[in-house]
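Novice: Handing you a structure now.
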Amino acid sequence: MEQEQQNLESFLTWAAQLGISDSSAPTNQPQHSPSSCLGSSLCVAHFPHSGGRGLGAVRDLRRGEIVLRVPKSALMTRESVMEDEKLCFAVSRHSCLSSAQVLIVCLLYEMGKGKTSRWHPYLMHLPHTYDILAMFGEFEKRALQVDEAVWVTEKAILKAKSEWKEALALMEDLMFRPQFLTLKAWVWAAATISSRTLHIPWDEAGCLCPVGDLFNYDAPGEESSDIEGLEHLPSNSSIHDPNLLNGGNNIMVDAEQFDSHSQRLTDGGFEEDGNAYCFYARAHYKKGDQVLLCYGTYTNLELLEHYGFLLQENPNDKVFIPLEPAIYFSTSWPMESLYIHHNGKPSFALLAALRLWATPQSKRKSVGHLVYSGSQLSADNEIFITKWLSKICATVLKNLPTSIDEDTLLLNAMHSSQDLFTFMEITKPMSSRDEIYTFLDAHDMKDAHSFTGVILSRKARRSMDRWKLAVQWRLKYKKVLSDCISCCNEILDSFIK
């Protein structure tokens, strides 16, 4: 712990020497000791219930106030790393690689330099492991239970492996040491790029931003992220999601902070006039509050895929349920707009599609204007689609391997158990512990008999951490379906009254 604190202090001193500063004053008027880049507005702190290590306010901060500047010279980009002639020449011979793949190679190249890398203090401060979906093993992948989530995980794993194979020739040309040529090293570097890069206007791969990547994530509020209005656009309209640009997190705030020059919404960004990446307070913060950054609108599955965490309360979460092909054919709404909101309410598009689908085909044209305006067509139509939606949600819940109560109990055991014996005792009431025994078997602990005094190995603990994320995700998925059933029951009750 003491060594970790020393590493942090060394890192912040190095950052100060590069001109990184949280002072609200101009950079040529330092307001605090140059031994640290923080202290005027921010400090590194631990927030156990909201992201772990992050940045806290050392004073009251006003919304829109600048809280951190990171000069361009401190950013790790393809451009800055490829000032190395050997690297630049090698990359030029492998033009088929994507910008993100090249940035991953750049990161591993700098890691291989050790203390001679200009970014060494920053690189030593990066996490040793991540929990993005590409790092999930077979057991953790299956623990997600829902086909969509399992498929997204499989796709992420295959993508990482494929991109690694494509980049191997370049890394061999650069004579990487064996430990940096492995798939494990590649996935670690890819996870670093996926979860920590910020958007820059001159490179779609984005940049690694020392200190700036210590901000934890805050979801856009419902008022700024609600896309119900956008769903009224015709199906051939183009809606570009600025949050999912390749290789960079777009940092977003609400409309009054709209930047007319860059034409995007930001909590910060690279500013040409100051030649620095600048971050602004997205809300009013009291001293001691965690200062958060919003880098886009994501569902919990997307957060897990790209960043390795999920939110306890995510206003942008969505649940997709299996729909009959006829429902898709009956409407012009895109498939991705047919979902259930985090609060259990069906999206505008899903409701409209169901109302139209439940209408005889010969009458759909005459009622289309009512459907697209959000109007109910008739009591019978509304009762039919509400019962259908409730039944589908109940069927999905029934077909999943574990219930909401079982997942809740399992999570409680994971949170409160310090050893395997306690974990097994807490989970005794579960009707089936097949999943638990599969986990134990995967880590050669199934024959541990009484489990008394058995402590999980580091590998098993890491697997359990990802298992916990999988259980948290599937539990939230199930609760949304359960909430949707409750919403449907309330609607049906209203018709009876």
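Novice: Sort out which residues of region 330-372 are of a type in the set (Ser, Thr, Tyr), within 16 Å of CYS487 (Cβ to Cβ) and in contact (Cβ under 8 Å) with a residue 60 or more places away in the chain, and write them in order of number. Quick ask: steps written out before the conclusion?
Specialist: Residues of region 330-372 that are of a type in the set (Ser, Thr, Tyr), as a first pass: 330-332, 337, 339, 347, 359, 362, 366, 372.
Next, from what is left, pick out any that are within 16 Å of CYS487 (Cβ to Cβ): 339, 347.
Residue satisfying the conditions is SER347 alone.
Novice: Can I ask one more? Given the condition in contact with a Phe, Trp or Tyr (Cβ under 7 Å, 6 or more places away or on another chain), under 30 Å from GLU140 (Cβ atoms) and open to solvent by 10 Å² or more (accessible area, probe 1.4 Å), answer yes or no: does some residue in region 475-496 qualify?
Specialist: Of region 475-496, the ones in contact with a Phe, Trp or Tyr (Cβ under 7 Å, 6 or more places away or on another chain) are none.
No.
Novice: On to the next question. Out of region 373-425, which residues are at pLDDT below 90, open to solvent by 40 Å² or more (accessible area, probe 1.4 Å) and of a type in the set (A, V, I, L, M)?
Specialist: LEU377 - this is the single residue of region 373-425 that is at pLDDT below 90, open to solvent by 40 Å² or more (accessible area, probe 1.4 Å) and of a type in the set (A, V, I, L, M).
Novice: Within region 375-486, which helices (runs of 4 or more DSSP H) (wholly inside it) include 1 or more residues that are under 27 Å from the mean Cα position of the chain (by Cα) and hydroxyl-bearing (Ser, Thr, Tyr)?
Specialist: Values: elements: 379-399, 404-416, 420-426, 434-442.
Correct list: 404-416.
Novice: Name every residue in region 111-121 that is buried (at least 22 other Cβ atoms within 10 Å of the Cβ) and not in a loop (DSSP other than H, G, I, E, B), in order of residue number. If you could, list the steps in order and put the result at the bottom.
Specialist: Residues of region 111-121 buried (at least 22 other Cβ atoms within 10 Å of the Cβ): 111, 119.
Once the filter is applied, which keeps residues that are buried (at least 22 other Cβ atoms within 10 Å of the Cβ) and not in a loop (DSSP other than H, G, I, E, B), region 111-121 yields only MET111.
Novice: Additional query: Restricting to region 349-372, name every residue that is under 32 Å from the mean Cα position of the chain (by Cα) and open to solvent by 40 Å² or more (accessible area, probe 1.4 Å).
Specialist: The initial filter retains those residues of region 349-372 that are under 32 Å from the mean Cα position of the chain (by Cα), namely 349-354.
Once the filter is applied, which keeps residues that are under 32 Å from the mean Cα position of the chain (by Cα) and open to solvent by 40 Å² or more (accessible area, probe 1.4 Å), region 349-372 yields only LEU351.
Novice: Could you tell me whether any residue of region 377-387 is over 27 Å from ALA149 (Cβ atoms) and among the acidic types (Asp, Glu)?
Specialist: Yes: one or more hits.
Novice: Within region 408-433, which residues are touching a residue at least 60 places away in the same chain (Cβ under 8 Å) and either farther than 17 Å from ASP465 by Cβ or in contact with a Pro (Cβ under 6 Å, 6 or more places away or on another chain) (or both)?
Specialist: Within region 408-433, THR408 is the sole residue that qualifies.
Novice: Name the single residue, out of those in region 23-63 being assigned to a loop (DSSP other than H, G, I, E, B) and within 26 Å of LEU310 (Cα to Cα), that is modelled with the highest pLDDT.
Specialist: To start, the set of residues in region 23-63 that are assigned to a loop (DSSP other than H, G, I, E, B) comprises 23-41, 48-51, 58-60, 62-63.
So of that shortlist, the ones also within 26 Å of LEU310 (Cα to Cα) come out as 48-51, 63.
Working: PRO48: 79, HIS49: 75, SER50: 72, GLY51: 71, ARG63: 90.
Per the stated criteria, the residue is ARG63.
Novice: Follow-up. Only one of these is without any contact (Cβ under 8 Å) to a residue 40 or more places away in the chain, aliphatic (A, V, I, L, M) and outside the structural domain of PHE136 (by the TED database): LEU456, LEU397, LEU481. Name it. Even if it seems obvious, please write down each step before you answer.
Specialist: On the way: LEU397 fails: without any contact (Cβ under 8 Å) to a residue 40 or more places away in the chain; LEU481 fails: without any contact (Cβ under 8 Å) to a residue 40 or more places away in the chain.
Exactly one of LEU456, LEU397, LEU481 is without any contact (Cβ under 8 Å) to a residue 40 or more places away in the chain, aliphatic (A, V, I, L, M) and outside the structural domain of PHE136 (by the TED database), namely LEU456.
Novice: Could I ask something else about it? Would it be correct to say that PHE180 is open to solvent by less than 50 Å² (accessible area, probe 1.4 Å), farther than 27 Å from HIS342 by Cβ, part of a loop (DSSP other than H, G, I, E, B) and among the hydrophobic types (A, V, I, L, M, F, W, C)?
Specialist: Working: open to solvent by less than 50 Å² (accessible area, probe 1.4 Å): yes; farther than 27 Å from HIS342 by Cβ: yes; part of a loop (DSSP other than H, G, I, E, B): no; among the hydrophobic types (A, V, I, L, M, F, W, C): yes.
So PHE180 does not fit the description; no.
Novice: Filter region 272-302 down to residues that are under 15 Å from VAL44 (Cα atoms) and more than 24 Å from the chain's Cα centre (by Cα) and give me whichever is least open to solvent (accessible area, probe 1.4 Å).
Specialist: GLY288
The values are calculated or read from the model by the stated rules, or taken from the named source; none is laboratory data. Note that the structure is a prediction, hence the values are computed from the model and not measured. Heads up, the Cβs are rebuilt from the backbone with ideal geometry, glycines too, and the neighbour counts pull from every protein chain shown. All accessible areas refer to the heavy atoms of the entire protein, side chains included, with ligands and DNA or RNA removed. Shrake-Rupley method; radii C 1.70, N 1.55, O 1.52, S 1.80 Å.
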